[in-house]
Amino acid sequence: MMRVPLDGEIRDGRHVLTVRVYYEDTDFTGIVYHASYLRFMERGRTNYLRMIGADHRALFEETAKEAPGFAFVVRSMNIEFLKPARMDDVLDVVTEPHDVKGASAMVRQRVMRCEELLVEAHVRVAFISGGRARPIPKPLRIAMKADQDAAQG
(Lines give C-alpha, C1' and ligand atoms only; values in the text may rest on other atoms or scores of the structure.)
Protein backbone atom coordinates (compact mmCIF):
# COMPACT_ATOMS: atom_id res chain seq x y z
CA MET A 1 0.00 0.00 0.00
CA MET A 2 1.37 3.43 -0.96
CA ARG A 3 1.63 5.85 1.97
CA VAL A 4 0.62 9.46 1.31
CA PRO A 5 2.74 12.10 3.13
CA LEU A 6 0.66 13.70 5.92
CA ASP A 7 1.51 17.28 4.88
CA GLY A 8 1.40 16.53 1.15
CA GLU A 9 4.34 16.92 -1.19
CA ILE A 10 5.76 19.35 -3.70
CA ARG A 11 5.71 18.08 -7.29
CA ASP A 12 7.00 20.29 -10.10
CA GLY A 13 6.56 23.46 -8.02
CA ARG A 14 3.00 22.53 -6.99
CA HIS A 15 2.03 21.42 -3.50
CA VAL A 16 -0.35 18.44 -3.56
CA LEU A 17 -2.29 17.50 -0.42
CA THR A 18 -4.54 14.44 -0.47
CA VAL A 19 -7.69 14.61 1.68
CA ARG A 20 -10.57 12.21 2.21
CA VAL A 21 -14.11 13.58 2.47
CA TYR A 22 -15.73 12.68 5.79
CA TYR A 23 -19.35 12.91 6.90
CA GLU A 24 -18.55 16.15 8.77
CA ASP A 25 -17.48 17.75 5.46
CA THR A 26 -20.87 17.19 3.82
CA ASP A 27 -24.33 18.74 3.98
CA PHE A 28 -27.57 16.81 4.51
CA THR A 29 -27.48 15.55 0.90
CA GLY A 30 -24.04 13.92 1.27
CA ILE A 31 -22.37 16.51 -0.99
CA VAL A 32 -19.36 18.47 0.28
CA TYR A 33 -20.51 21.70 1.92
CA HIS A 34 -18.96 24.74 0.21
CA ALA A 35 -17.14 25.94 3.35
CA SER A 36 -15.37 22.59 3.62
CA TYR A 37 -13.45 23.38 0.44
CA LEU A 38 -12.14 26.54 2.15
CA ARG A 39 -10.79 24.38 5.00
CA PHE A 40 -9.20 21.95 2.53
CA MET A 41 -7.52 24.85 0.70
CA GLU A 42 -6.35 26.45 3.96
CA ARG A 43 -4.64 23.17 4.85
CA GLY A 44 -3.03 23.15 1.41
CA ARG A 45 -1.66 26.71 1.78
CA THR A 46 -0.51 26.07 5.36
CA ASN A 47 1.24 22.82 4.49
CA TYR A 48 2.84 24.38 1.41
CA LEU A 49 4.42 27.05 3.63
CA ARG A 50 5.33 24.42 6.24
CA MET A 51 7.07 22.35 3.58
CA ILE A 52 9.10 25.32 2.41
CA GLY A 53 10.14 25.73 6.05
CA ALA A 54 10.82 22.01 6.52
CA ASP A 55 12.89 21.80 3.37
CA HIS A 56 14.53 25.19 3.87
CA ARG A 57 14.77 25.65 7.67
CA ALA A 58 17.43 28.36 7.24
CA LEU A 59 15.06 30.21 4.91
CA PHE A 60 12.38 30.53 7.59
CA GLU A 61 14.96 31.44 10.24
CA GLU A 62 16.24 34.23 7.95
CA THR A 63 12.66 35.42 7.31
CA ALA A 64 11.94 35.45 11.05
CA LYS A 65 15.02 37.67 11.61
CA GLU A 66 13.93 40.10 8.91
CA ALA A 67 10.23 40.11 9.89
CA PRO A 68 9.53 38.81 13.43
CA GLY A 69 6.05 37.39 13.99
CA PHE A 70 5.40 37.09 10.26
CA ALA A 71 2.31 35.47 8.77
CA PHE A 72 0.38 35.20 5.54
CA VAL A 73 -3.28 36.28 5.67
CA VAL A 74 -5.99 35.93 3.04
CA ARG A 75 -6.68 39.30 1.41
CA SER A 76 -9.14 38.13 -1.24
CA MET A 77 -10.43 34.96 -2.87
CA ASN A 78 -12.19 34.20 -6.14
CA ILE A 79 -13.64 30.70 -6.15
CA GLU A 80 -15.50 28.64 -8.74
CA PHE A 81 -17.46 25.56 -7.65
CA LEU A 82 -17.60 23.39 -10.79
CA LYS A 83 -18.58 19.86 -9.70
CA PRO A 84 -19.55 18.29 -6.36
CA ALA A 85 -17.52 15.93 -4.22
CA ARG A 86 -19.19 13.35 -2.01
CA MET A 87 -18.51 11.48 1.20
CA ASP A 88 -15.54 9.09 0.98
CA ASP A 89 -14.11 10.76 -2.16
CA VAL A 90 -10.33 11.13 -2.12
CA LEU A 91 -9.35 14.60 -3.34
CA ASP A 92 -6.10 16.32 -4.20
CA VAL A 93 -5.73 19.96 -3.18
CA VAL A 94 -3.17 21.47 -5.56
CA THR A 95 -1.56 24.75 -4.45
CA GLU A 96 0.83 26.80 -6.53
CA PRO A 97 2.17 30.34 -6.22
CA HIS A 98 1.02 32.24 -9.27
CA ASP A 99 2.19 35.83 -8.92
CA VAL A 100 4.71 36.62 -6.17
CA LYS A 101 5.57 40.28 -5.67
CA GLY A 102 5.80 43.03 -3.08
CA ALA A 103 3.81 42.29 0.06
CA SER A 104 1.46 39.76 -1.50
CA ALA A 105 1.23 36.67 -3.64
CA MET A 106 -1.54 35.22 -5.76
CA VAL A 107 -1.96 31.51 -5.13
CA ARG A 108 -3.89 29.25 -7.48
CA GLN A 109 -5.62 26.33 -5.81
CA ARG A 110 -7.51 23.46 -7.39
CA VAL A 111 -9.44 20.64 -5.78
CA MET A 112 -9.26 17.57 -8.00
CA ARG A 113 -10.83 14.11 -7.96
CA CYS A 114 -8.32 12.15 -10.03
CA GLU A 115 -8.04 14.30 -13.19
CA GLU A 116 -11.45 15.95 -12.67
CA LEU A 117 -11.44 19.62 -11.61
CA LEU A 118 -14.07 20.24 -8.93
CA VAL A 119 -13.15 23.64 -7.47
CA GLU A 120 -10.71 26.35 -8.53
CA ALA A 121 -9.71 29.38 -6.46
CA HIS A 122 -7.38 32.31 -6.87
CA VAL A 123 -6.31 33.52 -3.44
CA ARG A 124 -4.39 36.73 -2.75
CA VAL A 125 -2.38 36.33 0.44
CA ALA A 126 -0.68 39.27 2.10
CA PHE A 127 2.51 39.05 4.12
CA ILE A 128 2.25 40.75 7.52
CA SER A 129 4.65 41.36 10.36
CA GLY A 130 3.95 43.35 13.49
CA GLY A 131 0.29 43.60 12.45
CA ARG A 132 1.05 45.49 9.22
CA ALA A 133 1.56 44.56 5.58
CA ARG A 134 5.25 44.25 4.76
CA PRO A 135 7.22 43.25 1.67
CA ILE A 136 7.74 39.50 1.48
CA PRO A 137 11.35 38.96 2.61
CA LYS A 138 13.68 38.17 -0.25
CA PRO A 139 14.60 34.56 0.77
CA LEU A 140 10.93 33.59 1.02
CA ARG A 141 10.01 35.42 -2.20
CA ILE A 142 12.85 33.61 -4.03
CA ALA A 143 11.63 30.18 -2.79
CA MET A 144 8.03 30.91 -3.81
CA LYS A 145 9.16 32.34 -7.18
CA ALA A 146 11.21 29.19 -7.83
CA ASP A 147 8.09 27.06 -7.26
CA GLN A 148 6.09 29.41 -9.51
CA ASP A 149 8.68 29.00 -12.28
CA ALA A 150 8.76 25.20 -11.84
CA ALA A 151 4.95 24.98 -12.00
CA GLN A 152 4.88 27.04 -15.18
CA GLY A 153 7.28 24.63 -16.80
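The values are calculated or read from the model by the stated rules, or taken from the named source; none is laboratory data. Being a predicted model, the structure only gives us computed values, none of them experimental. Cβ placement follows ideal geometry from the backbone for every residue including glycine, while neighbour counts extend to all protein chains displayed. In case anyone asks, the SASA skips ligands and DNA or RNA and just uses the protein heavy atoms, side chains included. Shrake-Rupley method; radii C 1.70, N 1.55, O 1.52, S 1.80 Å.
Residues in the range 145-152: is at least one among the hydrophobic types (A, V, I, L, M, F, W, C) and in contact with a Lys or Arg (Cβ under 6 Å, 6 or more places away or on another chain)?
Checked the range 145-152: at least one residue is among the hydrophobic types (A, V, I, L, M, F, W, C) and in contact with a Lys or Arg (Cβ under 6 Å, 6 or more places away or on another chain).
With the structure loaded, tell me whether residue 83 is outside any helix (DSSP H, G or I) and not acidic (Asp, Glu) or whether it fails that test.
Yes; evaluated as a whole, the condition is true for this residue.
Quick one: count up the residues across the range 1-30 that are open to solvent by 50 Å² or more (accessible area, probe 1.4 Å) and farther than 21 Å from residue 97 by Cα.
11
Within the range 83-128, take every residue that is more than 23 Å from residue 143 (Cα to Cα) and surrounded by 21 or more Cβ atoms within 10 Å (Cβ to Cβ) and give me the one that is nearest to the chain's Cα centre (by Cα).
If we take residues in the range 83-128 being more than 23 Å from residue 143 (Cα to Cα) and surrounded by 21 or more Cβ atoms within 10 Å (Cβ to Cβ), then 111 is nearest to the chain's Cα centre (by Cα).
Tell me whether the range 27-42 contains one or more residues that are within 18 Å of residue 126 (Cα to Cα), at pLDDT below 90 and assigned to a helix (DSSP H, G or I).
Looking for residues that are within 18 Å of residue 126 (Cα to Cα), at pLDDT below 90 and assigned to a helix (DSSP H, G or I), one finds none in the range 27-42, hence no.
For the range 64-88, enumerate the residues that are out of contact with any strand residue (DSSP E or B) (no Cβ under 8 Å at 6 or more places or on another chain) and in contact (Cβ under 8 Å) with a residue 24 or more places away in the chain.
66
Take the residues in the range 132-153 that are small (Gly, Ala, Ser) and in contact with a strand residue (DSSP E or B) (Cβ under 6 Å, 6 or more places away or on another chain); name whichever of them is surrounded by the most Cβ atoms within 10 Å (Cβ to Cβ).
Filtering first and then ranking leaves 151.
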